[in-house]
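Read through the structure below, which is laid out as structure tokens, and then see the notes.
The values are calculated or read from the model by the stated rules, or taken from the named source; none is laboratory data. Because the structure is a prediction, the values reported are computed rather than measured. Heads up, the Cβs are rebuilt from the backbone with ideal geometry, glycines too, and the neighbour counts pull from every protein chain shown. These area figures cover heavy atoms from the full protein model, side chains too; ligands, DNA and RNA do not enter into them. Shrake-Rupley method; radii C 1.70, N 1.55, O 1.52, S 1.80 Å.
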Amino acid sequence: MMIRSTFILKKSPNHFFKSLLLHSSVLPSSSSAIEEEEEDYFASHLLSLLSLPNWQKNPRFKALIPSISPSHATSLFNNNPNLNPQTALQFFNILSQRSNFKPTVESFASLLAILIGNEVRGAAEKVRISMVKACETEEDARFVLRVLRKMNVEIESRFRFKLSIRCYNTLLMCLSRFLMVDDMKCVFLEMLDDEIMPNIYTFNSMVNGYCKLGKVDVAKLYVSKINQANLSPDTHTYTSLILGHCRNRDVDSAYKVFDEMPQRGCRGNEVSYTNLIHGFCQESRIDEALALFRRMGGDNCSPTVRTFTVLIDALSRLGRMAEALELFRAMSEKGCEPNAHTYTVLIDGMCKESNLDEAKKLLDLMEKKRVVATVVTYNALIDGYCKERRVENAIEVFEKLGTKGLKANVRTCNELIGGYCKANDVHKAMTLLDKMTKMKLCPNVTTYNLLINGVCKQDHVDSAYRLIGSMKENSVVPDEWTYGPLVEALCRRGSVEEARDLLGGLNEKGIKVNEVIYTTLINGYFQIGKTESGLALFDEMLMSDCLPNSYTYNVLIHGLCKGDKMREAFTLMGKMIKIGLELEITTCTIFIEQLLKTFDFGYARKLLIQAVSSGLKPDVCTYTSFVLAYCSHGMIERAEDTMNEMAEHGVKPDTATYTVFIDCYGRAGRLDCAFDVLKRMVDAGCVPSHHTYAVIMRHLLIAQKTKNVTEVGIDNVWKLMDFDTATDLFSEMVKRGCKPNINTFEALTVGLCRERRIEEASKLVAHMLESGLSPNEHIYTSLVNCLCHLQMFDKASELVKTTAGKGFLLRLESYKLLICGLYDEQKPEKAKEVFCSLLDGYNPDEIAWKILLDGLLKRGLVNRCSELVNVMEEKGCRLNPHTYKILVDKMVMSSWLRVLETPHDPRENLIVFFKWVASVRIGSVLRTTRSLDVFVRVVPS
């Protein structure tokens, strides 16, 4: 039985408490019944302790303090409205002294109810002000607004607690913080109804609220009210107006207000300067912002952390990192220590400049200086690593989040998914999608768009359609960026008409077709030689009010040039300039390439000079076009001159440029020079591609006297090379100081495996291990695929186990080959064992798509598919309902079609089919009418 001491209980003013608490929704509505019961029990225990004499010094109470939460305090006050007000106040103050106890607006309101009911007005006013200041969200502010309005209009005078001018002003500032201007206007009118005269703080709050939204005209109405009230606008008033103009991107008006402040008897303060500096920075007028920054000292204003951060952010965004770093160093010298936001914008700027190592050092410096990084800081570095395809480094940063007590958000996961997709590791991106659900993060349209772009890059169109189905199932609405990559993938494989039909369906879905989709489809028509269809679609684009951009015109110009319609292409370029689109170097390069193909070197060179004189800067594609043309005609010296010209203009050659040179020297029989170019390439940090190594191997094979020169082409390099050829390559590379690395072995191994030359590939891997290098995922994937194509499934299974033991995640296409192959060899248990090994590391939906739908069902192995679906269910792998429906529909259709192939009477076919349904357990979904709709549609045929 709970003890209730008369020392702490008084007569309950029930009417007021019930009315106030219920009206204000103080009682928690989202807690479960069990949680409420636990809190009530805890509150009862607290009340027992508070009833004891000298409860403040009681050891049991002191031991309990660390575990008392704001919700416990709320529950105590709500359940005991008769609690002695002094006891309640003292108890609340003791809790508030704890650094980890943060009172909520609900806990303040429940204490306030006790104080008002007992007419402890002085303390109640302080608690009321604290409650308003404690608002952290718009929801908190609305809750407080309801509480204050209720006590302001309470019918019984004993429980009425009218708002003071201070309380009104504090409330207005709170509402301004959350941009709740409509509520501010209502509160202002209520204040006038209460016959409380607004003061300068009241008007300034109103002005500030509207200016935050850029509503300067409304704000000026309240400025005029200041004058009407015989008050004078002050620095805070004008500072808000400066902010308002800046929010409207009208920095000149903002500067005018700032300039007039001294004439009106007001001096600008740190906030005035910072608001205006920020306005200039938003308009990319950074030099004016810096000039204003230098004026601050003369006005006795010291730059704040925000002032420095705004400038550092602007300089970083404009690529002026040296100045940003100089400003960053100046902060500490002026006694202004950078905060987490300062570090974040600088890290983000460094990442955009691909200076990732320095960005990482900054993060380390934050830790050293005990500046607590936010999830935004980590996201900046993760995004930087992902854009440079250093996903492993990004994962290290991602894993560090948890150790710092921070939780990844949707943006974190999207950046990693984008990184994986950029590195063509879509299966890892899909795994992260599964992890998002487990982390209780909801994938958004950006998440799905990144994944769809990733699968489309690999030409997995079916997976793209399935992802669109999944996003709809998860109530994520596709947009025009969802379908762009799908249109591109369809065009790339020649299915242009299917892409055209998809475009037509978008309008029916209410999705506006953008310039990217139109341009992609136009390019698709040009690629398959349908120039007229491409031009007709361009006309349709113009009629649909979708404005073409320079990329659209470049596609059209390129298509016309390929079709030897140079005159029409030049006309189109004229139209492009006429409508206000700036001529780009890409456009000029298209014409230069076409001229070089017709060996018109002189006119191509003349066009390049004209482009440069027009202010255009030739890029690597422009110069590579010349290098390729010169090399194809054996004009090596002219090609070298072009390379020197590139260096003079700060343009770095890319993989294609170097590969063209290597091929050129090889064709000239100057293999030593070809290897020298490879050395230059590696020294420049340019990674040789698979094609680069194929070119080198071709010329090595030609140089070998035992080979028939006429048989060696780029297409059959990997059929002809052997281990000795590879060792010759390694020897030449070592001789020049560019030792073979993982990339070298990968290129050679992948090439050999494509030609099913597993013995030579195995020798390479053995040599690699002897050299102290370990195979990567791509090498293991190639080896597994090769073994499967050679039907060496047992060896492939062993290699898969080895790969998994090393922590590698092979692509599901490899598992599909292996599992289907094991079933073909009548080894179902081994196939099931391999399948089970997948379930912990991959996305369940992708497993169903790649292994079950694209693998087993396409081979007609319906029963095997059914068995594996059951395995997934038993292992707790949940499929998206959309995936499940596709799977079951395909299984039903495949089974019915197999039954139809048997020479039975149709009625016997039905009996056979239903016996199959009864014998094969493929999940509860099959038993639903929805899934059997497919069967019903098929039966009549």
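Quick check: Cα centre of region 198-218 to Cα centre of region 228-256, how many Å? So the separation of the two Cα centres works out to 9 Å. Which percent of the Cα-Cα distances in region 543-645 go past 20 Å? Distances greater than 20 Å cover 40 percent of the Cα pairs.
Each principal axis of the Cα atoms in region 523-574 has its own extent, and those three values, largest first, are 30, 25, 15 angstrom.
Whole number in Å², please: accessible area per residue of the chain, 1.4 Å probe, ligands, DNA and RNA not counted. Show your work: numbers first, answer last.
Details: 45580 Å² over 941 residues.
For the chain, the solvent-accessible area averages 48 Å² per residue.
In the calculated pair distance distribution of region 413-570, what percentage of Cα-Cα distances lie above 19 Å? Across region 413-570, Cα pairs with separations above 19 Å total 56 percent.
Based on a Kirkwood Rh over C-alpha pairs, give the Stokes-Einstein translational diffusion coefficient of region 311-364 at 37 °C and viscosity 0.692 mPa s in µm²/s. Please report the intermediate quantities before stating the final value.
Values: Rh = 10.9 Å.
The calculation lands on 301 µm²/s.
For the peptides 328-336, 789-797, the ranking by mean Cβ contacts within 10 Å, running from highest to lowest, is 789-797, 328-336. Computed about its Cα centre, the charge dipole of the chain is approximately 2280 debye, with only Lys, Arg, Asp and Glu carrying charge at their Cβ. Along the axis of the charge dipole computed for the chain (Cβ charges of +1 for Lys and Arg, -1 for Asp and Glu, origin at the Cα centre), the listed residues Asn409, Gly268, Pro103 are led at the positive end by Pro103. Just the protein heavy atoms count here, and of the accessible area of region 719-852 at 1.4 Å, carbon and sulfur take up 48 percent. Determine the share of region 113-227's accessible area contributed by carbon and sulfur atoms, expressed in whole percent, with a 1.4 angstrom probe. It is 54 percent, rounded to a whole number. Can you pull the percent of region 630-680's accessible area that's carbon plus sulfur, 1.4 Å probe, other chains left in place? Heavy-atom surface of region 630-680 belonging to carbon and sulfur, 1.4 Å probe: 47 percent.
Between region 578-612 and region 273-338, the alpha-carbon centres lie 42 Å apart.
Using only alpha carbon pairs under 8 Å that are at least six residues apart, calculate the relative contact order of the chain and give it in whole percent.
Result for the chain is 4 percent.
Checking (1) 379; (2) 273; (3) 360 against volume of the Cα convex hull per residue in Å³ calculated from these atoms, the matching label is (2). Here region 481-534 is assigned +1 on the Cβ of each Lys and Arg and -1 on the Cβ of each Asp and Glu. Its dipole about the Cα centre then comes out at about 100 debye. A simple packing score, the average count of other Cβ atoms within 10 Å per residue, orders the peptides 292-305, 409-422 as 409-422, 292-305, with the highest score first.
Think of region 181-276 as having a plus end and a minus end, set by charges on the Cβ of Lys, Arg, Asp and Glu; of Ala229, Val207, Ser253, Ser253 sits farthest toward the positive end of this dipole. Taken about its Cα centre, region 546-666 carries a charge dipole of about 520 debye when Lys and Arg each add +1 at the Cβ and Asp and Glu each add -1 at the Cβ. Given Leu381, Thr622, His633, which one lies farthest toward the positive end of the charge dipole of the chain, if we put +1 on the Cβ of every Lys and Arg and -1 on the Cβ of every Asp and Glu? Result: Leu381.
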